[in-house]
Amino acid sequence: MNLLFFGTYDAALHPRVAVLRDGLRASGAEVRECNHPLGLSTADKVDMLQHPWKAPLLAVKLVGAWRRIVAESLRLRRRGIRPDAIVVGYLGHFDV
């Protein structure tokens, strides 16, 4: 099975994604990652909700991460890599 872990998830902050990824690899799946974390902690995100004028920082970080994800996705496609399934990491609702 060929899997792609995709999105702006941060496996260091939310280790369940890393556990799932590593477990699938150990089970014989070919796992690739197209991952660019935002670099924001949960506290940073809550702070943005409490101070709406900080929200543009989230938008800037999202756009930057998505640009890198799109570029990497295109590189994978050009190399002929077509995953059987895509796994979107925790808090990836913005990424989908």
For residue 88, enumerate residues with amide H under 5 Å from its amide H, sequence gap 5+ or separate chain, H modeled in the peptide plane. 6
If you plug each phi of the stretch 84-92 into the Karplus form 6.51 cos²θ - 1.76 cosθ + 1.60 with θ = phi - 60°, what whole-Hz ³J(HN,Hα) values come out, in order, with x for Gly and Pro? 6, 8, 10, 10, 9, x, 3, 6, x
Simple SL model, points at 7 angstrom along Cα→Cβ for residue 12 and residue 57; separation in nm is 1.7
For the chain, rounded, prolate or oblate, judged on the Cα gyration tensor with a ≥ b ≥ c (square roots of eigenvalues), a/c < 1.5 rounded, else prolate if a/b > b/c? oblate
C-alpha long axis of helix 16-26 to longest principal axis of the chain, angle in °: 10
Relative contact order [Cα under 8 Å, 6+ residues apart], the chain, whole percent: 48
Cα-based helix-to-principal-axis angle, 55-78 vs the chain, degrees rounded to 10: 20
Once amide H atoms are built 1.01 Å from N in the peptide plane, which residues 5 or more positions from residue 31, or in another chain, come under 5 Å H to H? 3
Select from 24, 13, 2 the residue farthest towards the positive end of the dipole of the chain; place +1 on Cβ of Lys and Arg, -1 on Cβ of Asp and Glu, and compute about the Cα centre. 2
Asserting the computed 222 nm helical MRE of the chain (DSSP H runs at least 4 long, -39500 (n - 2.57) per run, divided by residue count, to nearest 500) equals -15000 deg cm²/dmol
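Just so you know, all these numbers are worked out from the coordinates, no wet-lab data involved. Keep in mind that what you see is a predicted model, and the values were worked out from it rather than measured. Here the Cβ is made from the backbone with ideal geometry for all residues, glycine too, and neighbour counts use every protein chain on show.
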